[in-house]
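Report on the following structure.
Just so it is clear, none of the values below were taken in a lab; they were calculated from the coordinates. Everything numeric in this text was worked out from a predicted model, so none of it was measured. Cβ: placed from backbone, ideal geometry, glycine included. Neighbour counts: every protein chain shown.
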């Protein structure tokens, strides 16, 4: 039986007709370039690859990766729980960890006119999409919070002006392996303050550029592949 | 991951508890017995985040049973009641030290423990059962663990 209209099945989330889309299915991801670093990609494929020593990593609850030196007993069945490592200058991070509420504000610039017949015309001249994240905690392991904190304190405005790609992934649209997404290039992500009470919070504003590429992503993790569509 | 079993395994590493019987939820009331008791945590206190993870609470009590003495405190003589209380305080101090060192119970790969601490600075004297022979004092420590449940987090 194929999918019914409006029914999406992915990562344990089902969206049947009449069901509200969970907030977690609207995902904002920041991407930027920096110094070369290690990135980890999940092992994929329909069957387990041949085990090689010192190639595969497991992930701890705190997000750190540990090299697996001995072939795990569950390798043939749980190989997708392991990762490979490579170097990259690309950084990606999901936005909203430990944030309870955040929305994309489209900020339309509208003009209305009512003619003598009483008909109202509304012209939408432009939009200036923006998303605020408050709180946005400085978290251990968060490359983005470290990057923004350093450059904000050093007043390196150019390091967060127009230098991010921001993906908005709508996991409630599309199928598993092909989630709808748009990519905004040349976005700005700027810290608006830093401090708080018990923990360091650094609220940020994401200013979308509207330089949009429509496409799909193949998975909901940092190593997703974005495929543009016409 | 069975969190209650994780708590028991964790408490068994406490030097003060390891040398004495530890019961879970119900056990024999005797001198130097410790009893770990789970509490129900209100779901309305949970904080869901926009990525699907949820901040949750896990609280439990440790009741320590100590035989009570009727002897008054006299200079230059050890007071049994005071010594027993210090032993219970040692358990509390150990738990807070583990929390400060981020040495937590293992709640499994999907749960990230944010903090663990006792809810008071010193144990509470709950009751003295004078009908037992010898009388038994019950001291209570309440432990609060805040953890992030990532099992429903949509991002891998």
(request) Beyond 41 Å, what share of the Cα-Cα pairs of the protein assembly as shown is found? Please give it as a whole percent. (result) 33 percent
(request) Sort A:208, B:60, B:24, A:106 so the one with the fewest other Cβ atoms within 10 Å of its own Cβ comes first. (result) A:106, B:24, B:60, A:208
(message) Taking the square root of 5 times each eigenvalue of the Cα gyration tensor, what semi-axes in Å does the equivalent ellipsoid of chain B have, largest first?
(response) 35, 15, 13
(message) Cα atoms only: what Rg and Dmax, in Å, come out for region B:47-97?
(response) 19.5, 61
(message) Test of understanding: ordering A:71, A:52 by Cβ neighbours within 10 Å, fewest first, what list do you get?
(response) A:52, A:71
(message) If I build a Gaussian network model for chain B, linking alpha-carbon pairs within less than 10 angstrom, which residue out of B:87, B:131, B:98 has the largest mean-square fluctuation?
(response) B:131
(request) Over the whole of A:21-29, what's the average partner chain Cβ count within 10 Å per residue? Rounded to a whole number, please. (result) 4
(message) Cut-off is 10 Å between beta-carbons; in what order do A:138, B:73 appear when sorted fewest neighbours first?
(response) B:73, A:138
(request) Would you kindly give the portion of the calculated P(r) for region A:45-89 that falls above 16 Å, as a percent of all Cα pairs? (result) 37 percent
(message) Of the candidates A:166, A:66, A:182, which one comes out as most mobile in a Gaussian network treatment of chain A with C-alpha springs shorter than 10 Å?
(response) A:66
(request) Specify the residue with the greatest mean-square fluctuation among B:118, B:44, B:59, computed from a Gaussian network of chain B linking alpha-carbon atoms under 10 Å apart. (result) B:44
(message) Rounding to the nearest 10 and keeping the result within 0 to 90°, find how far the Cα-based axis of helix B:80-100 lies from the longest principal axis of chain B.
(response) 20 degrees
(message) Give the average over all directions of the projected area of the C-alpha convex hull of region A:34-188, one decimal, in nm².
(response) 14.3 nm²
(request) Summarise the partner chain shielding of A:88-100 as one whole number: the mean count of Cβ atoms from other chains within 10 Å of each residue's Cβ. (result) 3
(request) Mind jotting down the distance between the C-alpha centroids of region A:164-224 and region A:103-148, whole Å? (result) 14 Å
(message) Can you tell me the orientation of helix A:143-153 relative to chain A, as the angle in degrees between its alpha-carbon axis and the longest Cα principal axis, to the nearest 10?
(response) 50 degrees
(message) So for region A:26-123, averaging the separation of alpha carbon pairs under 8 Å that are six or more residues apart and normalising by length, what relative contact order in percent results?
(response) 35 percent
